[in-house]
Amino acid sequence: MTYVICEPCIDLKDSSCVDVCPVDCIHPLPDADEFEGVNQLYIDPEECIDCGVCEPECPVEAIFMEEDVPEEWEDFIEINAVYFE
């Protein structure tokens, strides 16, 4: 399992979660060129170690463990995975 960033992150892109991630699996990084034109942050499911430190740091409660993603945001599981294909 992995963590997933959902709808509340759209157009906010607060980087509090990026700052605490011990494996830098949240992309795009705020200072990266790819940050422009992307409307939210994404967690790389291959890099995520499921530590959970990002979840309480999100000011809009957009981060969920994959199996806990609310039903109305379940499409973000695939959206997040597709970003890294």
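The values are calculated or read from the model by the stated rules, or taken from the named source; none is laboratory data. Keep in mind the model is a prediction, meaning the values are calculated, not measured. Here Cβ is always computed from backbone atoms with ideal geometry, including for glycine, and neighbour counts include all displayed protein chains. These area figures cover heavy atoms from the full protein model, side chains too; ligands, DNA and RNA do not enter into them. Shrake-Rupley method; radii C 1.70, N 1.55, O 1.52, S 1.80 Å.
For (1) of a type in the set (A, V, I, L, M); (2) modelled with pLDDT under 95; (3) assigned to a helix (DSSP H, G or I); (4) exposed (fewer than 13 other Cβ atoms within 10 Å of the Cβ), each residue gets a yes or a no:
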{"site": "D24", "(1), (2), (3), (4)": "no, yes, no, yes"}
{"site": "D31", "(1), (2), (3), (4)": "no, yes, no, yes"}
{"site": "P56", "(1), (2), (3), (4)": "no, no, yes, yes"}
{"site": "F64", "(1), (2), (3), (4)": "no, no, no, no"}
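In the stretch 57-85, the residues that are farther than 14 Å from Y42 by Cβ and in contact (Cβ under 8 Å) with a residue 60 or more places away in the chain form Cβ pairs under 9 Å with partners that are open to solvent by 30 Å² or more (accessible area, probe 1.4 Å) and in a strand (DSSP E or B), at six or more places apart or across chains, as follows: P70/F64.
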